[in-house]
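Quick notes on the structure that follows.
Read-outs throughout are calculated quantities, based only on the coordinates presented, and are distinct from any laboratory measurement. Keep in mind that this is a model prediction, so the values were computed, not measured. Neighbour counts run over all protein chains shown; Cβ positions are idealised from the backbone, glycine included.
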Amino acid sequence: MLKQAAKPYPKFSVLELEDAQFSIKRTLPKLQKAFPDSELVLLMGSDAVTSLPDWPMSDQLLQACELVVGVRAGQQLDKVITRINAWRQAPLALTLVESHAPDVSASNIRDSLRKQQAAKGLLTSVARYARQHWLYVSLRG
């Protein structure tokens, strides 16, 4: 699905790793090895700012990566900054980007796909791909 979402942006590419799920312990060293002379940048929405300090090994991630936070529409920049300042570990570098785009989150899109409902911000190509590959479908009645 990420490839479908990135298609309109020729400067983006998708790197596929064998890990089924991102793990700081496993994935971060692989990225550092694959891109030894590069700065790693973690892009995230401001909704994830609350949970990031609870991720296993989040301190190592913050020491190794620049963090770019897209402040979602409807969220206050000063509150996001306050949350980040309360973290045990400060990020290597931090950039906050105020978004004027619609308030779209991956978790809301996944939930809508599971419920087979329309979702604000869901690209038609991504919805089609999810349907074709039975993504986020529950086989339980």
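Say R0 is 35 Å: what FRET efficiency, to the nearest 0.05, do residue 25 and residue 135 get from their beta-carbon distance? Provide the component values of the computation, followed by the final result.
Details: r = 26 Å, r/R0 = 0.74.
Working from the Cβ atoms, E equals 0.85.
What residues qualify as long-range amide H neighbours of residue 94, i.e. H under 5 Å apart, gap of 5 or more or another chain, H built at 1.01 Å from N?
When sequence neighbours closer than 5 places are left aside, the close amide H contacts are 67.
Compute a Gaussian network model of the chain, connecting alpha carbons closer than 10 Å, and tell me which residue from 68, 80, 14 fluctuates the most.
Highest fluctuation of the listed residues: 14.
Normalized C-alpha radius of gyration of the chain, against 2.2 N^0.38 Å? Before the final figure, lay out the partial values.
On the way: Rg = 16.6 Å, N = 141, 2.2 N^0.38 = 14.4 Å.
Taking the Cα Rg and dividing by 2.2 N^0.38 Å, one obtains 1.15.
Provide, in order from the shortest bin, the percent of all Cα-Cα pairs of the range 37-102 in each 10 Å bin, continuing until the bin that contains the maximum pair distance.
With 10 Å bins starting at 0, P(r) equals 21, 57, 20, 2.
How far apart, in nanometres, would the label points at residue 124 and residue 37 be if each is projected 7 angstrom from Cα along the Cα-to-Cβ direction?
Result: 4.4 nm between the two label points.
Just grab the label-to-label distance for residue 50 and residue 14, each label 7 Å out from Cα along the Cβ direction, in nm (one decimal).
For the pair residue 50/residue 14, the computed spacing is 2.9 nm.
Assigning unit charges at the beta carbon (Lys, Arg +1; Asp, Glu -1) and nothing else, what dipole magnitude in debye, to the nearest 20, does the range 48-129 show about its Cα centre? The partial results should precede the final answer.
Numbers: 9 positive and 7 negative charges, 84 e Å.
Here the range 48-129 has a charge dipole of around 400 debye.
With each label point set 7 Å from Cα along the Cα-Cβ vector, what nm distance links residue 60 and residue 78?
Reported label-point gap for residue 60 and residue 78 is 3.8 nm.
Work out the charge dipole of the chain with +1 on the Cβ of Lys and Arg and -1 on the Cβ of Asp and Glu about the Cα centre, then indicate which of 65, 121, 84 is farthest towards its positive end.
121
Rounded to the nearest 0.05, what FRET efficiency do residue 117 and residue 87 have when you use their Cβ-Cβ distance and R0 = 35 Å? Please list the in-between numbers first.
Working: r = 35 Å, r/R0 = 0.99.
That gives a FRET efficiency of 0.50.
Magnitude of the Cβ-charge dipole of the chain, K/R +1 and D/E -1, about the Cα centre, nearest 20 debye?
Working: 18 positive and 13 negative charges, 137 e Å.
Dipole of the chain, to the nearest 20 debye: 660 debye.
Considering the chain as a Gaussian network with a 10 Å cut-off on Cα pairs, which listed residue, 106, 20, 119, attains the greatest mean-square fluctuation?
Among 106, 20, 119, the largest GNM mean-square fluctuation belongs to 20.
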